[in-house]
Amino acid sequence: MINSQTLASVLKTLKENQIRCGIGGSYLLQLYDLCDEPNDIDFWVEPNDMQKVRLLFREYDEIIEKIQLPAQYHYKFRYFDMDIDFVACFITRPNQNEYVYNIRPESIEIITTSDGLDIPCTSLEDWYIVYKLLNREEKASLIEKYIYKKNIVKTNERLNRSIKDKENVLPQRVTNDVNSFVWDNMQMRFEELYNIGECIYEKKNL
């Protein structure tokens, strides 16, 4: 269970030390009612702040995990009653190629919880791409179904910007999936506009 007081303490420490951060992962999905209680909390921070994060929380027990990320981009530790996982970027090396995805700070938005805690959050669009990159199709699908019901124009702008960002090197399968998703969103928007137009026309001719 996520303890809001513990989370507030982490956020306060980061803010006091001018470290820009954003919540992601399963806890982000939970904030949108897309999953149950997460096992830990994933924080995104900028790469040049990761060493600062390590120094700030060095007194806590580090959790070593066998993942593909280099140490300079990943740091996980036990903070009182919660596991906190900091990630600065996402890198996979499935074969001989290396793929990289960076979350941009401008995508961070504030979500206020039911108990009044303001949480800086990365975007669902970012995590849609991250989960695709990491072959976490089940969670990517959850986000996809949710986004279909929301602001299609804003979603498409974010997704297009991410796959065209020169700092991101994505496998072709991910780019294809994102382009397909964007196209489906556009088609849905056109259908909505068409249906609205049909309704207006019918009302005028009653």
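Checked against (1) open to solvent by 20 Å² or more (accessible area, probe 1.4 Å); (2) under 19 Å from His74 (Cβ atoms); (3) of a type outside the set (A, V, I, L, M, F, W, C), Ser9 meets all criteria but (2).
Among residues of the stretch 84-111 that are without any contact (Cβ under 8 Å) to a residue 40 or more places away in the chain and within 20 Å of Pro38 (Cβ to Cβ), none has a beta-carbon under 7 Å from a residue that is outside any strand (DSSP E or B) and among the hydrophobic types (A, V, I, L, M, F, W, C) at least six positions away or on a different chain. Just to be sure, is Val169 touching a Leu at 6+ places or on another chain (Cβ under 9 Å), open to solvent by less than 90 Å² (accessible area, probe 1.4 Å) and modelled with pLDDT of 85 or more? No; evaluated as a whole, the condition is false for this residue. Screening Glu109 against (1) within 18 Å of the chain's Cα centre (by Cα); (2) under 24 Å from Lys139 (Cβ atoms); (3) open to solvent by less than 40 Å² (accessible area, probe 1.4 Å) leaves a single unmet condition, (3). Scan the stretch 128-150 for residues that are within 19 Å of Arg93 (Cα to Cα), surrounded by fewer than 21 Cβ atoms within 10 Å (Cβ to Cβ) and of a type in the set (Phe, Trp, Tyr) and the total you get is 0. Residues that are at pLDDT 95 or above and open to solvent by 50 Å² or more (accessible area, probe 1.4 Å) do not occur anywhere in the stretch 68-76.
The values are calculated or read from the model by the stated rules, or taken from the named source; none is laboratory data. Everything quoted here is computed from the prediction, not taken from an experiment. Positions of Cβ are generated from backbone atoms using ideal geometry, with glycine treated the same way; all protein chains shown enter the neighbour counts. To get the accessible areas, we keep the full protein, side chains included, count just its heavy atoms, and leave off ligands, DNA and RNA. Shrake-Rupley method; radii C 1.70, N 1.55, O 1.52, S 1.80 Å.
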